[in-house]
1. Can you compute the modelled spin-label distance between Leu28 and Gln89, with each label point 7 Å from Cα toward Cβ, in nm?
2. Taking amide H positions as placed in the peptide plane 1.01 Å from N, state which residues far from Asn99 in sequence (5 or more) or on other chains have amide H under 5 Å from it.
3. Using θ = phi - 60° and the Karplus relation 6.51 cos²θ - 1.76 cosθ + 1.60, list the HN-Hα couplings for the range 26-33 in order, rounded to whole Hz, with x at every Gly or Pro.
4. Between Ala43 and Asn103, what is the FRET efficiency for a Förster distance of 25 Å, r being their Cβ-Cβ separation, to the nearest 0.05?
5. In the full protein assembly as shown, how much of Tyr42 is accessible to a 1.4 Å probe, in Å² to the nearest 10?
6. Taking amide H atoms as placed 1.01 Å from N in the peptide plane, list the residues 5 or more away in sequence, or in a different chain, whose amide H sits under 5 Å from that of Asp85.
7. Just the accessible area per residue of the range 60-111, please: how many Å² with a 1.4 Å probe?
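The values are calculated or read from the model by the stated rules, or taken from the named source; none is laboratory data. On a predicted model such as this, the values are computed, not experimentally measured, just so you know. All Cβ positions, glycine included, derive from the backbone under ideal geometry; neighbour counts span all protein chains shown. For the accessible areas, the whole protein counts, side chains as well, though only heavy atoms, and no ligand, DNA or RNA atoms are used. Shrake-Rupley method; radii C 1.70, N 1.55, O 1.52, S 1.80 Å.
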Amino acid sequence: MLRTWLKQPNLNAMKLRKKIEIASVCTLGISLMLLIILLTHYATSQALDKNEFEVSTILFAQPLDSAEKREVKNVLRSIPGIHDDIIVQKKRAVCLRDNQICNEQIIIQELSSKNYPVQTSDLSPPSESNHSYSKPHLLGISLRNLE
């Protein structure tokens with residue numbers, strides 16, 4: 001009887017070891033997932049160079065319907081120097097443009113040639129702030145300032 005008792009493995013110790021293994025694998029997985037989220041956030045929210053990019057808002061004379069909004073977006077995307085981040089609302093559009101490639105006159109000419117009379121004005125982040133903004137922040141600030 002003593003021999004059989006010595007040869008039997010300690011089941012409580014095995015269960016504890018298994019629980020520790022599961023907990024360490026879960027902790028490693030969660031840490032890896034959080035690291036991936038952090039790196040993705042860092043990569044997508046890089047600040048823009050303030051010397052290159054400007055936010056332009058385009059004000060239309062009358063509200064646009066959904067088909068006109070799509071057409072305005074396509075026209076703006078076809079202009080070199082305008083990034084794909086374009087927001088078109090009822091009577092306005094906000095886009096991010098490279099000021100070394102594209103200026104306001106090009107935007108006005110392209111939209112006027114498609115029978116969309118416009119007025120444009122550049123918006124930039126608040127000048128009293130020394131923050132560097134990412135693209136979504138710049139576009140959000142521009143829309144908020146128009147309201």
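1. 5.0 nm
2. Residues meeting the criterion, in which the H sits 1.01 Å from N, are Phe53, Glu54.
3. Calculated HN-Hα couplings, in order: 5, 4, 5, x, 5, 4, 5, 5 Hz.
4. Values: r = 30 Å, r/R0 = 1.19.
Working from the Cβ atoms, E equals 0.25.
5. Its accessible surface works out to 150 Å², give or take rounding.
6. When sequence neighbours closer than 5 places are left aside, the close amide H contacts are Leu96.
7. Values: 2890 Å² over 52 residues.
Accessible surface, normalised per residue, equals 56 Å².
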